[in-house]
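A.B. asks: Just passing along the structure, written as structure tokens.
Where a number appears in this text, it was derived from the coordinates with a stated rule and is not lab data. Computed from a predicted model, the values in this text were never measured in an experiment. Methodologically, a virtual Cβ is constructed for each residue, glycine included, from the backbone with ideal geometry; neighbour enumeration extends over all protein chains shown.
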Amino acid sequence: QVHLVESGGGLVQPGGSLRLSCSASGSIFSINAMRWYRQAPGKQRELVAVITSGGRTNYADSVKGRFTISRSNAKDTVYLQMNSLKPEDTAVYYCNAATVTMPSGYWGQGTQVTVSS
């Protein structure tokens, strides 16, 4: 079992920045990838960024060059640095931790990001 808690969401103006955090507890040694997803109103949940246990990263085309996923040295916290935010980045952002026995991953409760002037 892995328990995830996201934080760092809020209201920001277009062009601004936010950093989301996701703290993992429980069987963190079993995590082989951590992901950030987002879901905007009326839209399907989409994958935003991934970081593997080996440190490899991947991003959705819509956020490449603007968002950066990283993790703590203890590998128990993952971050999403979001720069040059756009109104279309408005969504609930969810953290997900995948393990061998739970490849679909465990989910956090989500944190709201609103980009608006």
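A.B. asks: Give me the percent of Cα-Cα pairs in region 1-95 that sit more than 21 Å apart, rounded to a whole number.
C.D. replies: Tail fraction, whole percent: 28.
A.B. asks: Need the full-extension length gain, residue 83 to residue 21, defined as separation in residues times 0.36 nm minus the C-alpha distance. One decimal, nm.
C.D. replies: Length gained between residue 83 and residue 21: 20.9 nm.
A.B. asks: Residue by residue through region 50-63, which ³J(HN,Hα) values in whole Hz follow from phi under the Karplus form 6.51 cos²θ - 1.76 cosθ + 1.60 (θ = phi - 60°), with glycine and proline marked x?
C.D. replies: Per residue, the Karplus-derived 3J(HN,Hα) values read 9, 9, 8, 4, x, x, 6, 10, 8, 9, 5, 4, 5, 10 Hz.
A.B. asks: Using θ = phi - 60° and the Karplus relation 6.51 cos²θ - 1.76 cosθ + 1.60, list the HN-Hα couplings for region 5-13 in order, rounded to whole Hz, with x at every Gly or Pro.
C.D. replies: 10, 8, 7, x, x, x, 9, 9, 7
A.B. asks: Net charge within 15 Å of residue 85 by Cβ-Cβ distance, Lys/Arg positive one each and Asp/Glu negative one each, not counting residue 85 itself?
C.D. replies: Neighbour charge sum, excluding residue 85 itself: +3.
A.B. asks: Something else now. Can you compute the FRET efficiency between residue 107 and residue 13 using 1/(1 + (r/R0)^6), with r the Cβ-Cβ distance and R0 = 25 Å? Round to the nearest 0.05.
C.D. replies: That pair, residue 107 with residue 13, gives E of 0.30.
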